[in-house]
1. Residues of the stretch A:447-465 being surrounded by 24 or more Cβ atoms within 10 Å (Cβ to Cβ) and in a loop (DSSP other than H, G, I, E, B), which ones?
2. For the stretch B:226-246, give me each residue that is at pLDDT 95 or above and either facing chain A (nearest Cβ under 10 Å) or assigned to a loop (DSSP other than H, G, I, E, B) (or both).
3. Taking A:LYS145 and the conditions (1) buried (at least 24 other Cβ atoms within 10 Å of the Cβ); (2) at pLDDT below 95, which numbered condition does it fall short on, given that it satisfies the others?
4. Among the strands (runs of 3 or more DSSP E) confined wholly to the stretch B:96-172, which include 3 or more residues that are surrounded by fewer than 24 Cβ atoms within 10 Å (Cβ to Cβ)?
5. If you go through the stretch A:197-209 one residue at a time, do you hit one that is in a strand (DSSP E or B), closer than 17 Å to A:SER76 by Cα and modelled with pLDDT of 95 or more?
6. For B:LEU49, all conditions in the list (1) surrounded by fewer than 19 Cβ atoms within 10 Å (Cβ to Cβ); (2) in contact with a strand residue (DSSP E or B) (Cβ under 7 Å, 6 or more places away or on another chain); (3) under 21 Å from B:SER124 (Cα atoms); (4) within 14 Å of chain A (Cβ to nearest Cβ) hold save one; what is the number of the exception?
7. Would you pick out the residues in the stretch A:162-191 that are part of a helix (DSSP H, G or I) and either surrounded by fewer than 24 Cβ atoms within 10 Å (Cβ to Cβ) or in contact (Cβ under 8 Å) with a residue 40 or more places away in the chain (or both)?
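The values are calculated or read from the model by the stated rules, or taken from the named source; none is laboratory data. Model, not experiment: these values are computed from the prediction. As a convention, Cβ positions derive from the backbone with ideal geometry for all residues, glycine included, and neighbour counts pool all protein chains shown.
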Amino acid sequence: MNGYAGKYLKVDLSAGKVTVAATPAGLCESYIGGRGLGVALMGDRITHTYDYPKMPIIFSTGPLVGTDVPTSGRMSVVSRSPLTGTVTDSSVGGCFGTELKRAGFDYIEITGASKEWVVIDIENDSVSIVTAGNLAGVNIFDLHKLIGAGHSFAAIGRAGERGVLYSSIMIDGRYAAGRGGLGAVMGAKKLKAIRVKGDGMISVADPECLAEATEDIMRLLRASPAIFGEFGIAEFGTAALVDLIHARRMEPTDNFRRTYFPEATRYSGHQIKTRYMTEKTGCAGCPILCKKTGLRGEVIPEFESASHFGALNGCADLQTIVEANRICNDFGLDTISAASTIACYAEISGIRLTSSKLLSMLIEIGNREGLGSALSEGSFRYACSRGRPELSMSVKKLELPAYDPRGAYGMALAYATSNRGGCHMRAYPVGCEILRKPVAVDRFSFEGKARMIKISEDINAVADSLSACRFTFLAAGLEEYSRALNAVTGGDHDVQSLMKIGESIWNLERRMNAANGFAMSDDDLPARFFTEEGSSGSAKIPPIDREEFLRALDNYYRIRGYK
Amino acid sequence: MLNVINKYLDKLEAQGLSKKEDSTFLAVDADLFCNRQTGDDIACLYEVLRMMNVSSLLFASPSEPYRSIIRQIVERDSECGAGNIIVPMDCETRTFFHDFPVVDDLNPVAMAHALSRRKAVIISNLGIVTHGAFTPEQAYISFSSACFSMFIKYFHDSLVYFDNCARNGTRIDTDYVKAFIDIARLSVVVMRRERVALRSEPPRTEDDVAAMLMEAGRAIVTRRLVDSHFGNISYIFKDHIFISRTGSSLDELEHDIDKVPLDGSSSVGITASSELSAHKNIYLKTGLNAIMHAHPKFSVIMSMFCKEAGCDRSICHKLCAKKRFVGNTPVVSGEIGTGPTGLAGTVPAVMEEGRGVIIYGHGVFAAERDSFQKPFDMLAQIEENSRQQYANAISDLLKHLLDSPFDGFAESG
């Protein structure tokens, strides 16, 4: 199987056993790899609770991982979300996926629960479960110093150990498998970390064709202003979006009460680059290098983190924002959910947090102590406990990211239909509606958006399965990636055959959610977006017309065949 | 949705690419929309749409000369024919389309198969079919680019063919020549020569700048110096560059102009044209603040016609060490965007006041101070010079090969 290692690791932490088995070729054909394969492997087990020992957590790579295909250095972590209860995959970069593949494994499936804290150690075909009681309570940055040298590692900090429902799994100390709280799944299994190192090579069916396909992709990346342009993410990281979302008056401010934060330019991409003298870094083999590190080693926040610790919480101080991001990375906390839960608390309590209070609250959440204990369950449970569920800005209990839906109606639809809850990455209509890629659409219209969202969801399910980075699809597409895939595997896919697979993955996720009680009534937005206008100015930001939204949603169901 | 379909059908007709009565445009959200209710092709296209996960499908018989050009290419190109592909070498194709598959006839399975690999497909003797993944605009853009690419390929390859015959003493195909002359006459319709008067006094306000950009953008499109959403235009005013957005149509700039600070203090320009850096660098080097970029056809063709020996032809578009000119206009290599082979570096390096720059296989940059009149006139003149140079070359070659006159692109009697 070109492009695949052909083997996977099966780890049973209850029995303390590691088995090597053959990667199921049929599932790879049907679901490719990465997200699709991981979701398919979950099967009936998806109805277990997240902390039931038989619930798997799967680290899954795709056939492009470990090859020269641009942005293929990614993987998906799949399980059931502790926060939402949905099936959840988290696409993540760093080096872990590449090292795992080079070690000779397409994926790791972990079940059971250890009695004591352990680390799984993988070095090529040598795999062991190592007791690691001494690492309990150690946060990510110290953990990196203790066990990270020479390896890639996936680990949880205290947040995951203590079951914060939106705790993340941190890869290589800075890449977050963030949304949905998969860190708590590892925590329930008393799995502190996985270290991996591999030096094998991935077999490719047609290297010459692969080189051509790669050059086609690179040419498109170089031509894309959003990627390699003067103000693109290669230059500024995703913080490049701060100025743009600010200009479009769709930056979630004060728990989505407003959509414009006058001081946002104080944490713009330009401010960050200038003040922190950033350098580029990124996932294994990636030409874009969208991650940024400050001169003194500061991990620079992504757009979502900057905006949510900024405008969403009324904070204009860049240093506070960078520190908040650092705390989240160190404890292993999803920044979007953490910031949004805090903003929800602030609105319910009628207060505005100072910088120091914001930071101390994050630490309390990470330690699951004091007020942090209540906040560690996410904004929806917290808001319900205070009798104000309507003030949780979430869908299916997953907090919304940094694009106010009143400023982009495709995004409004995408938040509602997302299989893992309030997420912008499932369909990523930011591409068309804001960045004008691959084509510009009217962000204040629902016309054509139902099919656009459906198609985008299918495409991105494929992208997550190959694995390839979402950003590359601002420039290239499945037309170029299908050729790359065929060059690697020797297969004969095209855009439509891949999209059929994407559709299968999407529908499988939806059926899994239905098995856990999710229904169409869960595909909705908080009432605020239909009743309150945004912050109009150069552009008018009215509330979303509820009838139009429901019509678009109905169209979506018809297009999907759900109705 | 029908409004959207009709908008792009109107554009295709206005640009001389296809007539509405020769076009079938389908768009689908939850419901299906089509500009026509009856037609032999409709059932076939419905079937293609059913097989594909797209939002729109456009099938049209292109207007002349494109129809004849495509027929000639399909019949004559040794690399193509039904079941094969056409590979134009212009920049638009190389970057965004790669190649154009050819399908025998209105066979839905074959069409869907080909469209699953590429955005635009040639149906032998019938027309072009394109799809839009997200919007009908994408189908329109692909159709427009297909016509552009075929035009470039046909006229460039014909010149190369005649030149090779002359140099090698090869017997020329007189049927080819006859068809070529007929097509050349038909091509007169794509060449607009009317003078366009643009605002000449410098702007006083930002509203003036926007109005100038819109006026100049419309002029470029009306003169057919660019197709669909390609080309870009900028004006530097009070430490900001006002520039058309990426993917915008130059004749619809009212809401598609980005105001970008020259000092780089805001990344709002992430949605600006992919050639923002080229525009900025031209200004920084020359002080010329009214800058236009278009894809005029004969300028592109002549930039690709090169008789230098001993070069690696596969990299001419991104790395050319030779000093080349079309008339007095320098020709440079350069890929779209930034990077080591990007035109953001190569174009500004040779830009001078009073002289434009042609990018190999791509298009033309022209710049002047304070008003778009001179850069527009420069663009038009470079295109006219290129067309004349092409006509002269053909004329000399046909006289040599057949002792036969070629009256340029005179209209047929």
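1. Hit for the stretch A:447-465 is A:GLY448, nothing else.
2. Correct list: B:GLY231, B:LYS238, B:ASP239, B:ARG245, B:THR246.
3. (1)
4. Once the strands (runs of 3 or more DSSP E) in the stretch B:96-172 are filtered for at least 3 residues that are surrounded by fewer than 24 Cβ atoms within 10 Å (Cβ to Cβ), what remains is B:100-103.
5. no
6. (1)
7. Across the stretch A:162-191, the qualifying residues are A:LEU182, A:GLY183, A:ALA184, A:VAL185, A:MET186, A:ALA188.
So that you can scan it fast, the table gives a plain yes or no per residue for (1) within 20 Å of A:PRO70 (Cα to Cα); (2) of a type in the set (Gly, Ala, Ser); (3) in contact (Cβ under 8 Å) with a residue 40 or more places away in the chain; (4) touching a His at 6+ places or on another chain (Cβ under 7 Å):
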residue: A:ARG426; (1), (2), (3), (4): no, no, no, no
residue: A:SER445; (1), (2), (3), (4): no, yes, no, no
residue: A:ASN460; (1), (2), (3), (4): yes, no, yes, no
residue: A:ASN486; (1), (2), (3), (4): yes, no, yes, yes
residue: A:THR489; (1), (2), (3), (4): yes, no, yes, no
residue: A:HIS493; (1), (2), (3), (4): yes, no, no, no
